[in-house]
Amino acid sequence: MHHIFIDVAKIDMQEHLPIITDFWEQVLFQTGDYKKNVMKLHVELNEKVQLSPENFQTWLATFQNTVDAHFLGENSEKAKTRALSIATIMQIKLQGF
Ligand code: HEM
């Protein structure tokens, strides 16, 4: 799946990291600055390269493993639950329902 980040989106981690920090700060603590439409962004990405159910499984497993490797507690459970629900809604939106 790394080609989606590297070849398609040509992601620059220096730029990306503060954005996802804002996003998760907003999701978990409502204190982040994130204002963009994350669904729309992935709909546009999906038009360039179709995101498969396997991609979502990989994304979720990576997210869950990373949270578990670094955090323990109520908010880490909240982060994993929110990631699963956002990923589920995202997949439904990408299917065009
Ligand atoms: C198959 C699963 C996924 C893939 C392959 C994927 C891939 C990407 C890529 C390539 C970008 C960069 C887009 C760009 O800057 O042009 C991005 C941005 C982002 N993604 Fe995902 N994503 C996935 C799922 C998710 C999920 C489930 C979430 C949330 C729980 C999420 C949250 C974000 C956020 C916050 C950004 C930053 C958006 C911004 O720049 O404002 N992604 N994603």
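Each reported figure results from applying straightforward, stated rules to the coordinates on display, with no laboratory input. Only a predicted model underlies this, so the values are computations on that prediction, with no experimental measurement involved. Positions of Cβ are generated from backbone atoms using ideal geometry, with glycine treated the same way; all protein chains shown enter the neighbour counts.
Charge dipole (Cα centre; +1 on Lys/Arg Cβ, -1 on Asp/Glu Cβ; no other charges) of the chain amounts to roughly 280 debye.
Other residues within the sphere of radius under 15 Å centred on the Cβ of ILE4, judged by their own Cβ, net out at -3 (K and R +1, D and E -1). Inter-part distance, segment 1-26 to segment 28-97, computed on C-alpha centroids, equals 12 Å. At the listed q of 0.11, 0.23, 0.24 Å⁻¹, the Debye profile of segment 2-94, built from one uniform point per Cα, gives log10 I(q)/I(0) equal to -0.33, -1.56, -1.63. Couplings 3J(HN,Hα) for segment 5-11, derived from phi with the Karplus relation 6.51 cos²θ - 1.76 cosθ + 1.60 (θ = phi - 60°), are 6, 7, 8, 7, 8, 6, 6 Hz, where x marks Gly and Pro.
D by Stokes-Einstein for segment 49-97, Kirkwood Rh over Cα pairs, 4 °C, 1.567 mPa s: 112 µm²/s.
Simple spin-label estimate for ASP22 and THR58 gives 2.8 nm between the two label positions (7 Å along the Cα-to-Cβ direction from each Cα). Among the listed pairs LYS36/LYS93; LYS40/LYS78; LYS48/LYS93; LYS40/LYS93; LYS10/LYS80, a Cα-Cα separation exceeding 20 Å is found for LYS40/LYS78; LYS10/LYS80.
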